[in-house]
Amino acid sequence: MSSRFDRPEHAHDGPSTTSRQLKDLARRYLAHLEQKLQTKPREILELWPQVIGPAFAGMTRAEKFEQGVLHVRVRNSSLLSLLHSVSERKRLVDALRTEVPDVEIVDISFRIG
């Protein structure tokens, strides 16, 4: 006799349980936090005004640092154009790397805002 609905024996990908133990979740979360702290996002954000210099510090704001990229808001398109130049971006990335040599800094992303 067949059932009205043809269902697999298990409603998920296999016979293993879909629940997680708290210790496994805690380990994963702590590893994520440790990795995040090693990148020192707060330190990078606080260094930005010093790296960009007093002339442009008031017109820019470092918002976040994640996965090696510093995200910076810029007040106007003229400054954005200047900062997007290859030479200026390289200078700023090199300056950040000098200040925080133990953190991998890949790039800087500039946006108007």
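We did not get these values from a lab; they are worked out from the coordinates using the rules stated. On a predicted model such as this, the values are computed, not experimentally measured, just so you know. As a convention, Cβ positions derive from the backbone with ideal geometry for all residues, glycine included, and neighbour counts pool all protein chains shown.
List the GluC sites (Glu not before Pro) within segment 54-112 that fall in a DSSP loop (any state other than H, G, I, E or B) and whose Cβ has at most 11 other Cβ atoms within 10 Å.
Taking segment 54-112 and a limit of 11 other Cβ atoms within 10 Å, the loop GluC sites (Glu not before Pro) found are GLU104.
According to a simple spin-label model (label point 7 Å from Cα along Cα-to-Cβ), what is the distance in nm between ARG27 and VAL103?
2.9
Would you order THR98, THR60 from fewest to most other beta-carbon atoms within 10 Å of each residue's own beta-carbon?
Listed from fewest to most nearby Cβ atoms, that is THR98, THR60.
For segment 40-112, what ratio Rg/Rh do Cα atoms give with a Kirkwood hydrodynamic radius?
A ratio of 0.92.
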